[in-house]
Amino acid sequence: MRELKISSFENYKEVYDYSVKQPEKFWSEIAENFTWRKKWDNVVSWNFRDPEIKWFEGAKLNITENCLDRHLEHNGDTPAIMWEPNDPEEEHRVLTYRQLHDKVCQFGNVLKNNGVKKGDRVCIYLPMVPELAIAVLACARIGAVHSVIFGGFSAQSIADRINDADCSVVVTADGGFRGPKDIPLKEVIDDALVQCRSVSRVIVLTRSRTAVSMIKGRDVWWEDEIKKVETQGNPDCPPEEMDAEDVLFILYTSGSTGKPKGIVHTCGGYMVFAGYTFANVFQYQPEEIYFCTADIGWITGHTYIVYGPLSQGATTLLFEGVPTWPGPDRLWNIVDEYKVNILYTAPTAIRSLMSFGNEALQGKDLSSITKLGSVGEPINEEAWHWFNEKIGKGQAPIADTWWQTETGGVMISPIAGITPTKPGYATLPLPGIQPCLVDENGREITGNGVSGNLCIKYPWPGMLRTTYGDHERCRQTYFSAYPDMYFTGDGCLRDEDGYYKITGRVDDVLNVSGHRIGTAEVENAINMHADVVESAVVGYPHAIKGQGIYAYVILGNSTHNDKELVTKDILKTVTRLIGAIAKPDKIQFVAGLPKTRSGKIMRRILRKIAEGETGNLGDTSTLLDPAVVEEIRQGAL
Ligand code: PRX
C-alpha cells in the first residue's frame, strides 16, 4: 500500500515519475487505500481506438461503504455534512457520518419500495439540501444509476435527459430557494414529464411548502415514504455489491454539436480517483471544515462535495444559496461562522465578490482559511491576486484545478502547500496523469515554452467510459481527433518551467460563469422562435462571467418588427428550451451571416466582431458575400 498523500514537492516529483513509469503498480497501490469487497484481477485494460477502458476489472465494491460505513467505527460522530440554508435566519443542520449513513439506508429502502432495482436510472432534480446528497448516495447504495440535473435547467432540458437515460423514477422537491428566487421544481418536473413515458414514480421532498399538484398513482411524498420504511422496522439497507465497471452515474454536459451528452462514470475507478485527488489537492487534514460552493448538479459537486470528501471522512459544507445574497458578504459570513478551512470556488464567484469592493470583507474573520481552490474556467490574474491577498491573506495556497465532467476529477493542479503556484496556472499534472500538447496535425509538441491542444495519452481511473446510449459519439468527440489520445477540447500552454496554463476551449463550447454551454444548443433554441430564420452564437469576454453569449440573428419578413419585443421573446424561448443560464447577453439582428462558398458560417469573424476587435478581421476573401461583414461590423453591440 502506498501512502495516499504526497508529502513534499520532492516527493511529488518522485511519485509522478513512478506513476508514469509504472502506472499499473502506482494505481493499484493507491487503490489499496480503499475498501473493496473483492480486489481486482487486472488494474487496467484499455485502448483509445474504440475506446474501451476498464479499471480494476474483477473487483467488487460499493462506493457508499467507502463514503459511509468505513468511517462509522472511529468517526461515526464526526460531522459529514454541514448544511447552510439559503435564508441565513433558518436553522442550519449537521449530519454526522452515522446519521448520514442511516438516512442513506432509509432512502435506499424508499427507492427499493418504489420499485428501483440495480442498474435502473433515477433522475434527481433537487435544491442544494442534504436530501440531495442523501438521494445520490442512496442510489449508489442500491446500485441504481443517478442522473442529477441542475435546478436551473428547463422542463425541456429535463425531458431530453430523462428520455435519453430512460429514467424510471424522479426525485424532486415541491420547490427550492436560490437567493431571492423561489424555484418551482415540481411544476417544472410536471411540465417535463408530459414528454416522458419511462417515469412511473415521482418522489417529492417538502422544502418550500408551495402548493403542488400530486398525480395519483405517480407522485408520492418523500416524508410519507420514509414513514413507511420506519414502520417496516428494518433500518438497514445492505450495500449492493457492484462490479468496478458497473455504472455509478450519468451526468449531462454540453459539447460542440447536438444535444448534451450523458457522460458515464463507473464505480471503482471513479471512487479511487475522487478520493485520491481530493486528499491530495486539498491536503485534507482530519477536523478541517471544507467548503465547495458548487452545486451538486455539476461534476464539481458530485466529486468534491459528495464522493471525494466523504470517501476521506471529511466534513463537507453544503450551501443552498448564492454567495451574494442577501448581501455581498454572505460567503464571508459563512466562512466566519463555520470557521471554514478550505474554500473551493469558481473564478466567476471570485470576480463577482471582488466587484463589491473590500467593505464586504470588513469585520469578517477569515483567519480559519488555510487552503483555497478555483475551478471551472481560466482564472485571470487580477482575480487570482485578490483571492490570494484578500481571502487567503497571502498565507493560503491556491489550487487552480483544471479538469472536466469527462475526467471525473482534478487532472492538472497545484497540490496545496506543496506545488509552488503561479497566478493563472494550473501548474503540474497530478500523479498518474500524462498530459501532452499536440499541433493541428496531431503531432506531439515536446519541450517547454510551447502551446497547443491539450490531450491526455494514458488512461486514468476517473475518466469517462462512454456517452450514454451512444458509444460512437464518445469515440468521435474525444478519441478521433488525435489517434491514441483523449482530446480535451482545451487549448493550453506549457511555459519554460513546464507549468501548464489552460487558455480556454478551442471548440464551439462556451464557458459562461463556469457553466458549459454549446453554441449549437443555443442556436437551435433561438431558431425555434417563429420569427427567426437563422442564427449564429459566439462567446465574448465578460468581466464577471468570463464569457458572455453573443447571438447574431436573422429575422424573417414578419410584419411586426419590434426588435425589443423580439429580443425579449427570444430570451424567453432560450430560457424555456434550455434554461436561464443559456440566455444570450447580446442579440444583434443582421441581414446575413458571413458564410464560405460551401455554406459554412465563419465564426472566426463573428467572434472578432463580438470581441470588439473589428480592425483586423483577417482573410475574408473566401466569403460568399464579403459585404455582409461590413454590415455586421457597423451594427456591432
Ligand atoms: O475549458 C475547461 C474549463 O471548463 C471545462 C470543463 O467544464 P465542465 O465539464 O463543466 O467542468 C467544470 C468543472 C471541472 C474545461 O474543458 N476549465 C475547468 N477548470 C479550469 C478550466 N479552464 C481553466 N482553468 C481551470 N482551472
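The values are calculated or read from the model by the stated rules, or taken from the named source; none is laboratory data. Remember, it's a predicted structure, so these values are computed and weren't measured experimentally. Please note: Cβ atoms are built from the backbone with ideal geometry, for glycine as well, and neighbour counts cover all protein chains shown.
Residue 257 falls short on exactly one of the conditions (1) β-branched (Val, Ile, Thr); (2) over 17 Å from residue 122 (Cβ atoms); (3) outside any loop (DSSP other than H, G, I, E, B), and that condition is (3).
With touching a residue at least 40 places away in the same chain (Cβ under 8 Å) and of a type in the set (Gly, Ala, Ser) as the only criterion, which of 394, 449 stands out? None of the other options fit; the residue is 449. Within region 44-64, no residue that is more than 19 Å from residue 24 (Cα to Cα) and surrounded by 14 or more Cβ atoms within 10 Å (Cβ to Cβ) sits with its Cβ atom under 6 Å from a residue that is among the polar types (S, T, N, Q) and modelled with pLDDT under 95 at 6+ positions apart or across chains. You will find that of 575, 596, the residue that is closer than 18 Å to residue 535 by Cβ, within 35 Å of the chain's Cα centre (by Cα) and of a type in the set (Val, Ile, Thr) is 575 and no other. Taking the listed residues 530, 543, 481, the one that is in the same structural domain as residue 573 (by the TED database), without any contact (Cβ under 8 Å) to a residue 60 or more places away in the chain and either out of contact with any strand residue (DSSP E or B) (no Cβ under 9 Å at 6 or more places or on another chain) or within 15 Å of the ligand (Cβ to nearest atom) (or both) is 530, with no other qualifying. Only one entry of 266, 257 meets the criterion of being among the hydroxyl-bearing types (Ser, Thr, Tyr) and buried (at least 22 other Cβ atoms within 10 Å of the Cβ), and that entry is 266.
Could you check, for region 417-434, whether at least one of its residues is in contact with a strand residue (DSSP E or B) (Cβ under 7 Å, 6 or more places away or on another chain), closer than 25 Å to residue 268 by Cα and hydroxyl-bearing (Ser, Thr, Tyr)? No, region 417-434 contains no residue that is in contact with a strand residue (DSSP E or B) (Cβ under 7 Å, 6 or more places away or on another chain), closer than 25 Å to residue 268 by Cα and hydroxyl-bearing (Ser, Thr, Tyr). In region 200-212, the residues that are outside any strand (DSSP E or B) reach residues that are of a type in the set (S, T, N, Q) and surrounded by fewer than 21 Cβ atoms within 10 Å (Cβ to Cβ) with C-beta atoms within less than 9 angstrom, at least six apart or across chains, in these pairs: 200/114; 200/168.
Condition check for residue 463 on (1) within 13 Å of the ligand (Cβ to nearest atom); (2) assigned to a strand (DSSP E or B); (3) crowded, with 17+ Cβ neighbours inside 10 Å: one failure, at (2). Being within 23 Å of the chain's Cα centre (by Cα), within 12 Å of the ligand (Cβ to nearest atom) and in a helix (DSSP H, G or I) is a description that does not apply to residue 349. The listed residues are 189, 162, and the only one of them that is in contact (Cβ under 8 Å) with a residue 40 or more places away in the chain, in a helix (DSSP H, G or I) and among the hydrophobic types (A, V, I, L, M, F, W, C) turns out to be 189. Out of 519, 573, I need the residue that is touching a strand residue (DSSP E or B) at 6+ places or on another chain (Cβ under 8 Å) and polar (S, T, N, Q). Which one? Residue meeting the stated conditions: 519. A single member of 457, 563 is among the basic types (Lys, Arg) and closer than 30 Å to residue 28 by Cα, and it is 457.
Among the residues of region 417-446, those identified as farther than 27 Å from residue 467 by Cβ, within 14 Å of the ligand (Cβ to nearest atom) and of a type outside the set (S, T, N, Q) are 422, 423, 424, 425, 428.
Residues in region 277-327 that are within 23 Å of residue 123 (Cα to Cα) and assigned to a loop (DSSP other than H, G, I, E, B): 8 in all. The lone criterion from (1) within 23 Å of residue 248 (Cα to Cα); (2) of a type outside the set (D, E, K, R); (3) away from the ligand (no atom under 14 Å from the Cβ) left unmet by residue 396 is number (1).
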